[in-house]
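One structure is given here, and the rest of the page talks about it.
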Amino acid sequence: MKRTMTILAILLLVSQSFAAFTGLPAAVEKALPEINKYPIASSVLLWADETYELTADGKQVYEWHSFRYIPDEAGRDNWGDPHVAFVKDKETLEILTSRAYTADGRTIDSTPENAFNEITPEELQHAPELTLFRQMVITHLGLENGCIVELHYR
């Protein structure tokens, strides 16, 4: 009986924290209960959309949009600063959204002024002929345990 009450209390707390997220798309809200299936995961990918487009002038456009639940510090370490690779003179990278949704209902946006940093990949630091290969480090601001991060770029 004591065990059942403990489990019910935990489920009540978890369900209340899901209700506090505001501004999420319906598909992401629908996926929130999936978090309970992975209690020891450092992150849970709630929703993702990946598209490839070939334009009339022959250009290729790749677009990524995702929502990821970050339950703990390991998740913040692994997913708080994603690196997006691109070739500087041949490709353009546009960060459309980098946002954190906190369990208490706040949304924190990352902006180019405070969260986007272009770097040379560590693997290429001793290869000057390959310096066109770059990575954009996108720092998600406002991360805390139990938040959801949105990343959308093309």
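The values are calculated or read from the model by the stated rules, or taken from the named source; none is laboratory data. Note that the structure is a prediction, hence the values are computed from the model and not measured. As a convention, Cβ positions derive from the backbone with ideal geometry for all residues, glycine included, and neighbour counts pool all protein chains shown.
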Strands (runs of 3 or more DSSP E) lying entirely in the stretch 33-99 (those with 3 or more residues that are surrounded by 11 or more Cβ atoms within 10 Å (Cβ to Cβ) and out of contact with any Leu (no Cβ under 9 Å at 6 or more places or on another chain)): 44-54
Considering residues of the stretch 117-128 that are outside any helix (DSSP H, G or I), out of contact with any strand residue (DSSP E or B) (no Cβ under 6 Å at 6 or more places or on another chain) and not aliphatic (A, V, I, L, M) only, the residue surrounded by the fewest Cβ atoms within 10 Å (Cβ to Cβ): His126
Where a residue in the stretch 45-56 is over 30 Å from Leu32 (Cα atoms) and its partner, wherever it lies, is part of a strand (DSSP E or B), with Cβ under 9 Å and at least six apart: Leu54/Gln60; Leu54/Val61; Thr55/Val61
Residue selected from the stretch 57-74 under the condition of a type in the set (Gly, Ala, Ser) and modelled with pLDDT of 95 or more, by the criterion farthest from the chain's Cα centre (by Cα): Ala74
Scan of the stretch 115-147 for residues that are of a type in the set (Val, Ile, Thr) and in contact with a Gly (Cβ under 8 Å, 6 or more places away or on another chain), ordered by number: Thr139
Test result for Leu141, outside any loop (DSSP other than H, G, I, E, B), touching a residue at least 24 places away in the same chain (Cβ under 8 Å) and under 14 Å from the mean Cα position of the chain (by Cα): no
Count of the stretch 75-112 residues which are over 13 Å from the mean Cα position of the chain (by Cα) and charged (D, E, K, R): 7
For Thr102: the one exception among (1) in contact with a Cys (Cβ under 6 Å, 6 or more places away or on another chain); (2) surrounded by fewer than 16 Cβ atoms within 10 Å (Cβ to Cβ); (3) among the hydroxyl-bearing types (Ser, Thr, Tyr): (2)
Long-range neighbours under 9 Å by Cβ, at least six apart or interchain, first residue more than 22 Å from Trp64 (Cα to Cα) within the stretch 96-116, second among the hydrophobic types (A, V, I, L, M, F, W, C) and part of a strand (DSSP E or B): Ala103/Cys147; Ala103/Ile148; Arg106/Ala100
Flag for Gly105 being out of contact with any Asp or Glu (no Cβ under 7 Å at 6 or more places or on another chain), assigned to a loop (DSSP other than H, G, I, E, B) and closer than 25 Å to Lys30 by Cα: yes
